[in-house]
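Below: the structure, in structure tokens.
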Amino acid sequence: MLSNLRRWTRRSTASGVFAALMLLFATHTVSAQEQSSFLGDTFKKVILDPTTYAPAAIAYDATMRDWNSSQPFFRNGYVEHNDRFTLSGNPNDLPMSYTVGRQRILSDAIVNLEMSLANNVVDRIFERALIKRYPEHRRLVGALGWVERIGFASIMSYELSAQHYRQAADNELKARQLGLR
């Protein structure tokens, strides 16, 4: 499911960026000062928007909790079920080292941040174009932009983290039951 989300997000983000650029350049030629203001404003809004960072931070936390809660099992000879964290790349095999796993989780978080960043840039471009076209509906367009960004961040955060949080809780319980903690 995670790989499907990533594929879908990359495709829709690329399509959205293309559509936004077409919309931006097809409307009219803008002066250098307007362009500078547009880029600066978009950059500032995206960087200061918490929905840009939330999915990556939540997914990182969830995956690290899962990874950390798995370590007592690995120290006692258990195998890793997630093929992304095994030495061979096959499920139910020896786990990679803690450091390599942590680096993989960090690189996943960076990819997640990139997806969220791309979504928010596209959203801000569309929002600006809509406000320019319908200035009398500025607040409505802004509210719909927030709804889209929060919705995207919420769905992405859930998809990337729910399974890891459940697995971490299961690992903690099993470790206590087996006396591995």
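Bear in mind that the values in this text are calculations on the coordinates, not laboratory data. Note that the coordinates shown come from a computational prediction; the quantities given were computed from them, not determined experimentally. FYI the Cβ positions are ideal-geometry reconstructions off the backbone, even for glycines, and counts take in every protein chain you see.
Would the range 116-135 turn up any residue that is exposed (fewer than 15 other Cβ atoms within 10 Å of the Cβ), in contact (Cβ under 8 Å) with a residue 24 or more places away in the chain and part of a helix (DSSP H, G or I)?
Restricting attention to the range 116-135, the residues satisfying the condition of being exposed (fewer than 15 other Cβ atoms within 10 Å of the Cβ) are 132-135.
Those left that are additionally in contact (Cβ under 8 Å) with a residue 24 or more places away in the chain: 132.
Narrowing further to those that are part of a helix (DSSP H, G or I): 132.
Scanning the range 116-135 turns up at least one residue that is exposed (fewer than 15 other Cβ atoms within 10 Å of the Cβ), in contact (Cβ under 8 Å) with a residue 24 or more places away in the chain and part of a helix (DSSP H, G or I).
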Residue under evaluation Thr63, criteria (1) farther than 27 Å from Ala169 by Cβ; (2) touching a His at 6+ places or on another chain (Cβ under 8 Å), criterion not met: (1)
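Kindly indicate the residue of the range 153-173 that is surrounded by fewer than 20 Cβ atoms within 10 Å (Cβ to Cβ) and within 14 Å of the chain's Cα centre (by Cα) and also nearest to Tyr78 (Cα to Cα) among those meeting that condition.
Pass one, the range 153-173, residues surrounded by fewer than 20 Cβ atoms within 10 Å (Cβ to Cβ): 154-155, 158-159, 162-163, 165-167, 169-170, 172-173.
Filter once more, keeping what is within 14 Å of the chain's Cα centre (by Cα): 154-155, 158-159, 162.
Values: Ser154: 34, Ile155: 32, Tyr158: 28, Glu159: 27, Ala162: 23 Å.
Among residues in the range 153-173 that are surrounded by fewer than 20 Cβ atoms within 10 Å (Cβ to Cβ) and within 14 Å of the chain's Cα centre (by Cα), the one nearest to Tyr78 (Cα to Cα) is Ala162.
Among the residues in the range 100-113, are any in a helix (DSSP H, G or I), touching a residue at least 60 places away in the same chain (Cβ under 8 Å) and either on the phi < 0 side of the Ramachandran plot or under 15 Å from the mean Cα position of the chain (by Cα) (or both)?
We begin by selecting, within the range 100-113, every residue in a helix (DSSP H, G or I); these are 100-113.
If we keep only those that are touching a residue at least 60 places away in the same chain (Cβ under 8 Å) as well, we get 111, 113.
Restricting the remaining residues to those that are either on the phi < 0 side of the Ramachandran plot or under 15 Å from the mean Cα position of the chain (by Cα) (or both) gives 111, 113.
So far as the range 100-113 goes, yes, one or more of its residues are in a helix (DSSP H, G or I), touching a residue at least 60 places away in the same chain (Cβ under 8 Å) and either on the phi < 0 side of the Ramachandran plot or under 15 Å from the mean Cα position of the chain (by Cα) (or both).
For Pro91, state whether it is more than 25 Å from Gly151 (Cβ to Cβ) and part of a loop (DSSP other than H, G, I, E, B).
Taking the combined requirement at face value, the residue satisfies it.
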Complete set of residues in the range 62-81 that are surrounded by fewer than 15 Cβ atoms within 10 Å (Cβ to Cβ) and hydrophobic (A, V, I, L, M, F, W, C): Val79
